[in-house]
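Before I ask anything, here is the structure I am working with.
The values are calculated or read from the model by the stated rules, or taken from the named source; none is laboratory data. Note that the structure is a prediction, hence the values are computed from the model and not measured. Cβ placement follows ideal geometry from the backbone for every residue including glycine, while neighbour counts extend to all protein chains displayed. Keep in mind that these areas ignore ligands, DNA and RNA; they rest on the heavy atoms of the full protein, side chains included. Shrake-Rupley method; radii C 1.70, N 1.55, O 1.52, S 1.80 Å.
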Amino acid sequence: MPFIVDLADVSDSDLPLVGGKAGKLGELVRQGLPIPPGFVVTTECYQAFVDQTPLAAEIPAAIATLDLDRPDSVDAVAKRIRSIFEATEFPEEMRAALEQAYRHYVESHEVRFSAVRSSATAEDLEGASFAGLQETYLNVTGTDEVLAAIRKCWGSLFTGRVLVYRARKGFDHLQVRLAVLVQKMVESEVSGILFTRDPNTGENHMIIEAGFGLGEAIVGGEVTPDHYVVDGMTQRIVHKQISEQNFRVVRAEGGGNRREDLDAEHRSIQKLSDERIEQLASLARVIESHYRRPMDIEWCEDGSGLYIVQARPITTISAKAMGTPAPAPHMAPPVSHGPKESRVAPTPSKGSESEGMGEAIVRGLGASPGIASGRARLTLKAAEMDRLKEGEILVTSMTTPDMVPAMTKSAGIVTDEGGMTCHAAIVSRELGVPCIVGTRTATKTIADGAEITLDGKTGLVYAGRRAEKTAAPAPEAAAHGGGGSDHGVPVTATKIFVNVAVPEKAAEYARLPVQGVGLLRIEFIFTAHIREHPLVLIKQGKQAQLVERLADGIGKVCEAFYPRPVIVRTSDFKTNEYRGMPGGEEFEPKEENPMIGWRGCSRYISPIYRPAFLLELEAIHKVRTEKGLKNAQVMLPFVRNTWELEQIAEMLKEAGLKRSRDLKLYLMAEVPSTVLLAREFSQHCDGFSIGSNDLTQLVLGADRDSETLGRMGYFDERDPAVQRAIELLIEGAHAAGKTVGICGQGPSVYPEFAEFLVRQGIDSISLNADTVVTTTRTIAALEQRLKLDGLRRGAVG
């Protein structure tokens, strides 16, 4: 077996010889992807080096003394083995072969500086990523320096953190071998990491993190990178979060790395251009398609182009958790803090239980889901890790690989710096430990010893002990938002949502195999929790009370379904319904036909009701900002004209709810004008939801509340005129690039109506909770039949 092979000559099938990192990169070279050139010092070379030196006896002897429960034992064993690796010279023939390979590589590829990278046989596997645990040495130049770095890489197979992690993952210390990849160093202007699927949920969007300079500062959590989200289906950028970066890591003169401060002009600008983001997403799609699984990709850009420098499977999600689109991942908004001394005071365990979660004291990026409560332990350096006791919450500026032994016993982790792809995030997800990163202020705000609760799903930290630790949902559940059983329901191309009216049922409905809430009716919150006409409360000066109660109800649903979208339909009471509320008679006119009277958008833009509508918007804004639930979206009912939408758009903007990549505005398609002018209405929204009851009554001129017409069969969503209206809407909306869903009961009641919708290409169907499972199975069967019909027609043709 060879001691040295060219990177272009290896593939995944060579994993025992070249390790996981080199095997995957060699595979991608064969696929024509941009990979820096290099060569691999194989595991056979490693084994020969061990066998021909004192290491053959020293490694087993040291491992025999290892006690994983004693940090001093772990450190002593690691130091003993590593020191022998670094002090032992290469056998003469081996050194000559390595020198010749290095010279050939330098001359062939005009190499000045190299990255010397570990590539273990138990690395980048589906069950364990070994993220950042084995060593890499950057900007290495010269034969002697490269050979020394190879020995150091071999020795890093036995660092304390690797010994602990390997034991936890069930690998035999004496059976694992290490290859080393020597690769041309890219002069990185920008670098980062990409997940082809959400590593928390497996949902279908790419997450890209980018920072200036070499990627070491991002992976190490020293800087908070830019955070971009790309839709996995369309490859469009759907979310961008630009972070401030004060320094970058660059190559030092003569080799090695150094920090370089960034000037004020460059600290807060977007790190990677939109064009490069789209190019990177295209490369990632090729990689995921080749491996047929979600991938974690490291990349860099040198000004002339993009390079892939690592690709490995995402180890925290399963195949079942793939294929469910979702909104952009959540970043809680910054929280305002006082001076440094305004820390959370330590609180005794006794009496720290509390009703509800209360106000968040720290906000960051939810990086590993789950809820944990415990004492905060501020540990800023790896040397302080022995202060962390079992079940405490680690609060630190950033984690490093040296902290892995402590991370395994923590109840949760909170960091000042880092993003979804930093060391803390990756390792926490693998360990199943709730984690929040990128808070900026956790180490300044949370006092050592304070009782806190963290929610790794929403990125929020609360004062006091509020809950026992709950692990992240299993990947199978995460595919449905962590709801538990998937009820044996097949996956459908048509998105399935659920209708919600009662916030108290949200937790129960969230366990259903749905992709979110297609219709949250807030009328129930008014009738059950507010109980008075909104204009009466305004007259009494109780605006804050109205906003708080609305926000509580909406927030309860959004929290239960997070991160799946919750489409909140603003109130759609008719005048006769509003008159029945306490105080309503003072403000509501008597109308002969309230079904087509003062309702929906016409109410919002009227001078009388406008103040009440603005309070509804304030409540939604509160949910999205103060509660940090960005999955709340907005839908307007009973839209008649585009000019009323122009006025409402200004009101939304005034309320801080301007349409954006993470705030969608949907319109109920109930009035025939929205159907006939679908392309014009599309300019004012992100999609439509068919209200089949109102659309049917207005297309057919049949009062939906008329028992007589109902008995005579006039009111029927299956009527050809209604179906033609739906066809026109879908055709016009899709031509304008907008989505169309339906939130009526027709698909649940009439299978043939569901088939009609699927045939027309409806994007989503929102169902009542009791029909979700049965109707989803019906839709899946319909889709399968349509697929088979298409294949048969193709075969005949």
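Quick one: which residue in Arg292, Arg259 is among the basic types (Lys, Arg), more than 20 Å from Asn204 (Cα to Cα) and either open to solvent by 60 Å² or more (accessible area, probe 1.4 Å) or within 17 Å of the chain's Cα centre (by Cα) (or both)?
Residue meeting the stated conditions: Arg259.
Now for a different question. So Thr121 fits all but one of (1) polar (S, T, N, Q); (2) at pLDDT below 90; (3) open to solvent by less than 20 Å² (accessible area, probe 1.4 Å); what number is the exception?
(3)
In the stretch 257-280, which residues are assigned to a helix (DSSP H, G or I) and of a type in the set (S, T, N, Q)?
Gln279
Which one of Val498, Val536, Val547 is buried (at least 22 other Cβ atoms within 10 Å of the Cβ) and modelled with pLDDT of 90 or more?
Exactly one residue qualifies, and that residue is Val498.
Matching residues to (1) basic (Lys, Arg); (2) more than 30 Å from Met403 (Cβ to Cβ); (3) crowded, with 16+ Cβ neighbours inside 10 Å; (4) modelled with pLDDT under 95:
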site	(1), (2), (3), (4)
Val74	no, no, yes, yes
Ala87	no, no, no, yes
His109	no, yes, no, yes
Arg112	yes, yes, no, yes
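I've got another one for you. For Leu174, work out the one condition from (1) under 29 Å from the mean Cα position of the chain (by Cα); (2) outside any strand (DSSP E or B) it doesn't fulfil.
(1)
How many residues are among the small types (Gly, Ala, Ser) and either part of a strand (DSSP E or B) or modelled with pLDDT of 95 or more (or both) when one looks only at the stretch 679-699?
3
Of the conditions (1) touching a Cys at 6+ places or on another chain (Cβ under 8 Å); (2) under 28 Å from Ala252 (Cα atoms), Met94 clears all except one; give me its number.
(2)
Let me ask you something else. Can you give me the ranges of the strands (runs of 3 or more DSSP E) entirely in the stretch 188-256 with at least 2 residues that are in contact with a Gly (Cβ under 8 Å, 6 or more places away or on another chain)?
190-195, 205-212, 226-231, 247-251
Listed residues Lys664, Lys738; which is out of contact with any helix residue (DSSP H, G or I) (no Cβ under 8 Å at 6 or more places or on another chain), at pLDDT 85 or above and either open to solvent by 40 Å² or more (accessible area, probe 1.4 Å) or under 30 Å from Leu617 (Cβ atoms) (or both)?
Step by step, each of Lys664, Lys738 is checked, and only Lys664 is out of contact with any helix residue (DSSP H, G or I) (no Cβ under 8 Å at 6 or more places or on another chain), at pLDDT 85 or above and either open to solvent by 40 Å² or more (accessible area, probe 1.4 Å) or under 30 Å from Leu617 (Cβ atoms) (or both).
Asp231 passes all but one of (1) over 19 Å from Cys300 (Cα atoms); (2) more than 18 Å from the chain's Cα centre (by Cα); which number fails?
Going through the list (1) over 19 Å from Cys300 (Cα atoms); (2) more than 18 Å from the chain's Cα centre (by Cα), Asp231 breaks only (2).
Out of everything in the stretch 708-733 that is out of contact with any helix residue (DSSP H, G or I) (no Cβ under 8 Å at 6 or more places or on another chain) and modelled with pLDDT under 95, what residue ends up being most open to solvent (accessible area, probe 1.4 Å)?
Arg711
Something else: For residues that are open to solvent by less than 40 Å² (accessible area, probe 1.4 Å) and small (Gly, Ala, Ser), scanning just the stretch 230-256, find the one that is nearest to Lys738 (Cα to Cα).
Applying the filter and picking the extreme gives Gly232.
Listed here are the residues, each with its yes/no results for (1) acidic (Asp, Glu); (2) out of contact with any strand residue (DSSP E or B) (no Cβ under 9 Å at 6 or more places or on another chain); (3) open to solvent by 10 Å² or more (accessible area, probe 1.4 Å).
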{"position": "Lys152", "(1), (2), (3)": "no, no, yes"}
{"position": "Leu157", "(1), (2), (3)": "no, no, no"}
{"position": "Arg161", "(1), (2), (3)": "no, yes, yes"}
{"position": "Arg166", "(1), (2), (3)": "no, yes, no"}
{"position": "Asp172", "(1), (2), (3)": "yes, yes, yes"}
{"position": "Val176", "(1), (2), (3)": "no, no, yes"}
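Does at least one position in the stretch 54-67 carry a residue that is surrounded by fewer than 22 Cβ atoms within 10 Å (Cβ to Cβ) and touching a Lys or Arg at 6+ places or on another chain (Cβ under 6 Å)?
Yes, the stretch 54-67 contains a residue that is surrounded by fewer than 22 Cβ atoms within 10 Å (Cβ to Cβ) and touching a Lys or Arg at 6+ places or on another chain (Cβ under 6 Å).
I need a count of the residues in the stretch 262-289 that are buried (at least 17 other Cβ atoms within 10 Å of the Cβ) and closer than 16 Å to Phe195 by Cβ.
Going through the stretch 262-289 one residue at a time, the tally reaches 8.
Residue by residue through the stretch 514-528, note down the ones that are farther than 18 Å from Leu636 by Cα and open to solvent by 10 Å² or more (accessible area, probe 1.4 Å).
Of everything in the stretch 514-528, those that are farther than 18 Å from Leu636 by Cα and open to solvent by 10 Å² or more (accessible area, probe 1.4 Å) turn out to be Gln515, Thr527, Ala528.
Within the stretch 585-633, take every residue that is acidic (Asp, Glu) and either open to solvent by 20 Å² or more (accessible area, probe 1.4 Å) or modelled with pLDDT of 95 or more (or both) and give me the one that is farthest from Ala560 (Cα to Cα).
Per the stated criteria, the residue is Glu592.
If you don't mind, there's one more thing I want to ask. Please indicate, with yes or no, whether at least one residue in the stretch 382-389 is touching a residue at least 24 places away in the same chain (Cβ under 8 Å), part of a strand (DSSP E or B) and not polar (S, T, N, Q).
Taking every residue of the stretch 382-389 in turn, none turns out to be touching a residue at least 24 places away in the same chain (Cβ under 8 Å), part of a strand (DSSP E or B) and not polar (S, T, N, Q).
Being at pLDDT 85 or above, over 24 Å from Met295 (Cβ atoms) and in contact with a Leu (Cβ under 9 Å, 6 or more places away or on another chain) narrows it down to one residue among Val249, Val230; which is it?
From the options Val249, Val230, the qualifying one is Val249.
So which pairs qualify, if the first residue must be in the stretch 186-201 and under 25 Å from Gly303 (Cβ atoms), the second must be open to solvent by less than 10 Å² (accessible area, probe 1.4 Å) and of a type in the set (Phe, Trp, Tyr), the Cβ gap must be under 8 Å, and the two must be at least 6 apart or on different chains?
Ser191/Trp299; Gly192/Trp299; Ile193/Trp299; Leu194/Trp299
Within the stretch 420-474, which residues are modelled with pLDDT of 90 or more, over 11 Å from Ile371 (Cα atoms) and not in a strand (DSSP E or B)?
Thr441, Ala442, Thr443, Lys444, Thr445, Ala447, Asp448, Gly449, Ala450, Gly464
Yes or no: Gly338 loosely packed, with under 13 Cβ neighbours inside 10 Å, modelled with pLDDT under 85 and either out of contact with any His (no Cβ under 9 Å at 6 or more places or on another chain) or not aromatic (Phe, Trp, Tyr) (or both)?
yes
Any idea how many residues of the stretch 637-665 are of a type outside the set (D, E, K, R) and not in a loop (DSSP other than H, G, I, E, B)?
Of the residues in that region, 11 qualify.
Return the residues of the stretch 605-625 that are touching a helix residue (DSSP H, G or I) at 6+ places or on another chain (Cβ under 8 Å) and either in a loop (DSSP other than H, G, I, E, B) or not charged (D, E, K, R) (or both); say none if nothing qualifies.
Within the stretch 605-625, Ile605, Ile608, Tyr609, Pro611, Ala612, Phe613, Leu614, Leu615, Leu617, Ala619, Ile620, Val623 meet the criteria.
Turning to a different aspect of this structure: Please go through the stretch 89-103 and give me each residue that is open to solvent by 80 Å² or more (accessible area, probe 1.4 Å) and touching a residue at least 40 places away in the same chain (Cβ under 8 Å), ordered by number.
Hit for the stretch 89-103 is Arg103, nothing else.
Restricting to the stretch 557-576, name every residue that is in a helix (DSSP H, G or I), in contact (Cβ under 8 Å) with a residue 40 or more places away in the chain and either open to solvent by less than 10 Å² (accessible area, probe 1.4 Å) or not hydrophobic (A, V, I, L, M, F, W, C) (or both).
Val557, Cys558, Glu559, Phe561
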